[in-house]
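Below is one structure, written out as structure tokens; the observations come after it.
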Amino acid sequence: MNLTLVFFIIAAYLIGSLSFAVIVSRVMGLADPRSYGSNNPGATNVLRSGNKKAAALTLLGDALKGWVAVFAAQQFAPIAGVSAGLPFDQLIAAVALAVTIGHMWPVFFQFKGGKGVATAAGILLALNGWLGLATLGIWLFVAKGLKISSLSAICAAIAAPFLCWLFLPVPAYLAAVIAISLLLIVRHKQNILGLLSGKEGKIGDKA
């Protein structure tokens, strides 16, 4: 069980380390998203380049890797001898946390990663569809009303543990969602300072 857990955690971390903001930008001949705007390799910052297609591909890729890491673990863990129940839940929770850490501190990109919003969305959708949709709904509601991506992400992160308790009240998953939410909020430290000073940019602002 220990070796199996280590394997899945490493695999999830490596999947998370695929920074689609950087990969898509390189393929499409755009500037490195870590060199302009917020310097964050994420879809919102890629959008500041003016290329909506690149931003959409970044969003899709980052969300998909979170979903794939968790879904693959859910499917292959039983084949690897991990039975349903507590050990299975702990493994899936560990994978969810590992892919998040990989996105935030990617080994392939000098450990300079994104803030984890899209990846967290993919993770939540894989854990439980209603949990993922409800959290996305909160993000969209705030984003539509205020047009501030960071505030939308922070609100969704705060709500996610409560939604997990409602839709997926499993201790291991709840602990993972709390940890991911805390990491996401910490990664938005500069955005929080910008919000408090009234200088936070809005969705679609140019770099």
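The values are calculated or read from the model by the stated rules, or taken from the named source; none is laboratory data. Note that the structure is predicted; figures quoted are calculated from it, not measured. Glycine gets a Cβ as well: all are built from the backbone with ideal geometry, and neighbour counts include every protein chain shown.
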Of the residues in segment 163-199, those that are over 20 Å from G129 (Cβ atoms) and either part of a loop (DSSP other than H, G, I, E, B) or aromatic (F, W, Y) (or both) number 3
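Go through segment 75-97 and give me each residue that's under 17 Å from L125 (Cβ atoms) and in contact with a helix residue (DSSP H, G or I) (Cβ under 6 Å, 6 or more places away or on another chain). Walk me through it before giving the result.
If we filter segment 75-97 for residues that are under 17 Å from L125 (Cβ atoms), which is where we start, we get 75, 92-93, 95-97.
If the condition is that a residue be under 17 Å from L125 (Cβ atoms) and in contact with a helix residue (DSSP H, G or I) (Cβ under 6 Å, 6 or more places away or on another chain), then I92, A93, V95, A96, L97 are the ones that fit.
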Residue hits (segment 28-57; in contact (Cβ under 8 Å) with a residue 60 or more places away in the chain and either exposed (fewer than 15 other Cβ atoms within 10 Å of the Cβ) or among the hydroxyl-bearing types (S, T, Y) (or both)) are Y36, S38, T44, S49, G50
Within segment 46-63, residues modelled with pLDDT of 90 or more, touching a helix residue (DSSP H, G or I) at 6+ places or on another chain (Cβ under 6 Å) and among the hydrophobic types (A, V, I, L, M, F, W, C) come out as V46, A54, A55, L57, L59, A63
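Yes or no, residue by residue, for (1) under 30 Å from F88 (Cβ atoms); (2) crowded, with 17+ Cβ neighbours inside 10 Å; (3) not hydroxyl-bearing (S, T, Y):
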residue: A157; (1), (2), (3): yes, yes, yes
residue: L163; (1), (2), (3): yes, yes, yes
residue: L166; (1), (2), (3): yes, no, yes
residue: A176; (1), (2), (3): yes, yes, yes
residue: A179; (1), (2), (3): yes, no, yes
residue: R187; (1), (2), (3): yes, yes, yes
residue: I192; (1), (2), (3): no, no, yes
Of the residues in segment 156-207 that are farther than 21 Å from A126 by Cβ and small (G, A, S), the one that is modelled with the lowest pLDDT is A207
